[in-house]
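What follows is a set of notes on a single structure, which appears directly below.
The values are calculated or read from the model by the stated rules, or taken from the named source; none is laboratory data. Remember, predicted model here, so these are calculated numbers, not experimental data. Methodologically, a virtual Cβ is constructed for each residue, glycine included, from the backbone with ideal geometry; neighbour enumeration extends over all protein chains shown. Just the protein is used for accessible areas: all its heavy atoms, side chains included, with ligands, DNA and RNA removed. Shrake-Rupley method; radii C 1.70, N 1.55, O 1.52, S 1.80 Å.
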Amino acid sequence: GRKSVEDIRAHMVPFYHELIGVRFQSYLFMLDPDDFAFRVDFDQMVADAGRYLEGWEFVDIAVREAIGLPQQVRTVAARYTVDEAGLRAWLEERAAQLNSRPVAARVVESVPATPPPNFPATVPRPRSGLVWEPGRPGYAIDVEASLQQLLAGLTSHDAREVTLVARQSPPPVPQMSDLEPELLRLLDEYPAFTAVSVFDLQQEQRARVDGDAAFSAMATLRIALAIAVLEKLPGGIAREDPEATQVGTWLDLALGKDADEPANLALAWLGDGSIATGAQRLTAFLRTLGLENSFLQGAFGGTAQSPQVTPSNQRERPNTRPDANMQTTADDMATLLAALYRCSQGSGLLLERFPKTLNAEKCATLLFYMTHNPLRSAVWRGLPEWDDRWVVHRHGLSFAQQGEVALIWGPAGPYVLSVFVYNPGLVGWEVANQAVADLSRGIWEFFAIQRAQGGAAARPP
């Protein structure tokens, strides 16, 4: 309804000089068009509109007006000048101010998942475990795309608010290098000296704290014995072979129960009737695998006058007073159980060292025997909904020490957790066990965060 350029200019100029609201996430900025020399060329816009007053366009308008049909909307583009370099500089300044980097998952303090025991007044309370807070994505202003949004806002007579275009960067997938310092921080405050080694079988990565500290091997070394025995048994556990069936029975009991007798019978078989020879062959077998810190000198449950010298038992501290007869480390046991699982899948260290005498079927048999261990240990009970979890483990107990190595099917796939505790009467075992349960849950939660933030999904176990 406005006919002259002056009338149109007077009507529309105020629109184009109003402030523009500029949003980025929770921030709101006000942008003044005059700060960027924004000017609308109304003369040219009216000239552009003039083409609708002649030719077929005008006939269409006139006919619709005459017979009462709705008119078509015809848009006249805004003609303007603006300091585009200044707008870009303003956006770059906002980007420098507001862009955020992705935040990795981190450990936070939280209420423990399981109620802690009643600690004696003289015993320090251990931390509640590793409670992981998910990472957060980062955001960055897309300057070029946002510039087009600003220009659209400046040239609009009604939409005077603009949302800047943002690029999102996902948080990094947590790696074992992120887990290790958190384990160190946690274990520094534990009530008993605890060594841990975690082997991620998906990524072939390890996180450890004092994983090379020497401990009594206890019954955990039966895993090594079982592998060495099957390596010597050509046809594996064959039903039609009475000797192989008897050896299989010993190994099943050694891995699934606590008594030393079946393990020592298998050890004597490995030594052609001699326990001492069997122990020497078992130690040589471990050395072939590169496990320099593990050895056996006599029978399981036996004694020795002095230990074999290893890099681990020469450490100045901590001294866990390990058994002179049989020793290992959390790292060695994690490596061994990881190798056994890999072998059951047709790859890995054991098949590389013994391609003619070991195979996937033999290794799977030993994992099957390990499922007969009925103890729901602290490592197992620390897992969320622990009774539904797929866990294969072998534990060991002795005076002032306990150890466990477990193959756990986690949120992102299988991993091995090896934990050894030295507790020379400092605290009750219920306190130490609760600490191990919290540790196990925290490691599970680490893999759950890894899965949620882009890690591989676990296939069925």
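Magnitude of the charge dipole for the chain, about its Cα centre and with charges confined to Cβ atoms of Lys, Arg (+1) and Asp, Glu (-1), is about 1060 debye. Can you give the extra length, in nm with one decimal, that the chain gains between Ala37 and Gln25 once fully stretched, where that is 0.36 nm per residue apart less the Cα-Cα distance? In short, 1.6 nm is gained. Among the chymotrypsin sites (Phe, Trp or Tyr not before Pro) found in the range 392-461, those both in a DSSP coil and sparsely packed, with 14 or fewer other Cβ atoms within 10 Å of their Cβ, are Phe399. Quick one: angle between helix 242-256 and the longest Cα principal axis of the chain, in degrees between 0 and 90, rounded to 10, please. Helix 242-256 and the main axis of the chain meet at about 60 degrees. Along the range 190-196 the Karplus relation, 6.51 cos²θ - 1.76 cosθ + 1.60 evaluated at θ = phi - 60°, assigns HN-Hα couplings of 6, x, 9, 5, 10, 10, 9 Hz to successive residues, with x for each Gly and Pro.
List the GluC sites (Glu not before Pro) in the range 206-247 that DSSP assigns to loop (not H, G, I, E or B) and whose Cβ has at most 16 other Cβ atoms within 10 Å. Which are they?
Numbers: sites: Glu231, Glu240, Glu243; in loops: Glu240.
Answer by residue number: Glu240.
Think of the chain as having a plus end and a minus end, set by charges on the Cβ of Lys, Arg, Asp and Glu; of Val13, Asn373, Met176, Asn373 sits farthest toward the positive end of this dipole.
Give, in nm to one decimal, the length gained when the segment between Arg2 and Val309 is fully stretched (0.36 nm per residue of separation minus the Cα-Cα distance).
Details: separation 307, 0.36 × 307 = 110.52 nm, distance 10.10 nm.
This chain segment gains 100.4 nm when fully extended.
Positive end of the dipole of the chain (Cβ unit charges, origin at the Cα centre): among Gly396, Ala66, Leu383, the Cα lying farthest that way belongs to Gly396.
Quick one: if the Förster radius is 22 Å, what FRET efficiency do Asn99 and Val13 give, using the C-beta to C-beta distance and rounding to 0.05? According to the calculation, E is roughly 0.05. Per-atom-type breakdown for the range 143-219 gives carbon and sulfur 46% of the accessible area (1.4 Å probe, protein chains only).
Distance distribution P(r), the range 368-446, all Cα-Cα pairs, bin width 5 angstrom from 0: 3, 15, 28, 26, 16, 8, 3, 0 percent. Residues in the chain average 48 Å² of solvent-accessible surface per residue, probe 1.4 Å, ligands and nucleic acids excluded.
Of all DSSP beta bridges located in the chain, what percent are antiparallel, nearest 5? It would help to have the intermediate numbers written out before the result.
Values: 51 of 54 bridges.
That works out to approximately 95 percent antiparallel.
For His372, the solvent-accessible surface computed with a 1.4 Å probe is close to 70 Å², ligands and nucleic acids excluded.
Which entry in (1) 29.2; (2) 36.5; (3) 24.6 is this structure's computed mean projected area of the Cα convex hull in nm²? Matching entry in (1) 29.2; (2) 36.5; (3) 24.6: (2).
Between Thr249 and Leu426, the distance separating the two model label sites (each 7 Å from Cα on the Cα→Cβ line) works out to 4.5 nm. Using heavy atoms of the protein chains and a probe of 1.4 Å, the accessible area assigned to Ile20 is about 0 Å². The portion of the accessible surface of the range 327-416 made up by carbon and sulfur, rounded to a whole percent, is 53 (1.4 Å probe; DNA, RNA and ligands excluded).
Ignoring aspartates and glutamates fewer than eight residues from Lys232 along the same chain, the ones with Cα atoms less than 19 angstrom from its Cα are Glu240, Asp241, Glu243, Asp252, Asp272, Glu352, Glu361. Backbone N atoms of the range 16-39 closer than 16 Å to the 7 Å Cα→Cβ label point of Glu84 belong to residues 36-39.
As a test of the formula, what do you get for the chain when each DSSP H run with n ≥ 4 contributes -39,500 (n - 2.57) and the sum is divided by the residue count, at 222 nm and rounded to the nearest 500 deg cm²/dmol?
Details: 15 runs with 181 residues, N = 461.
The helix contribution divided over the chain gives -12000 deg cm²/dmol.
Between Asp258 and Glu57, the contour length at 0.36 nm per residue exceeds the alpha carbon distance by 62.7 nm.
Annotation for Gln44 and Glu161: the two label points, set 7 Å from Cα along the Cα-Cβ direction, are 3.1 nm apart.
Angle of helix 143-154 to the longest C-alpha principal axis of the chain, folded into 0 to 90 degrees and rounded to 10: 30°. Could you give the distance between the Cα centres of the range 434-458 and the range 161-221, to the whole Å? A separation of 9 Å, based on Cα centres.
Rounded to the nearest 10 degrees, what's the angle between the helix 55-67 long axis and the longest principal axis of the chain, both from Cα atoms, 0 to 90? Rounded to the nearest ten degrees, it is 80.
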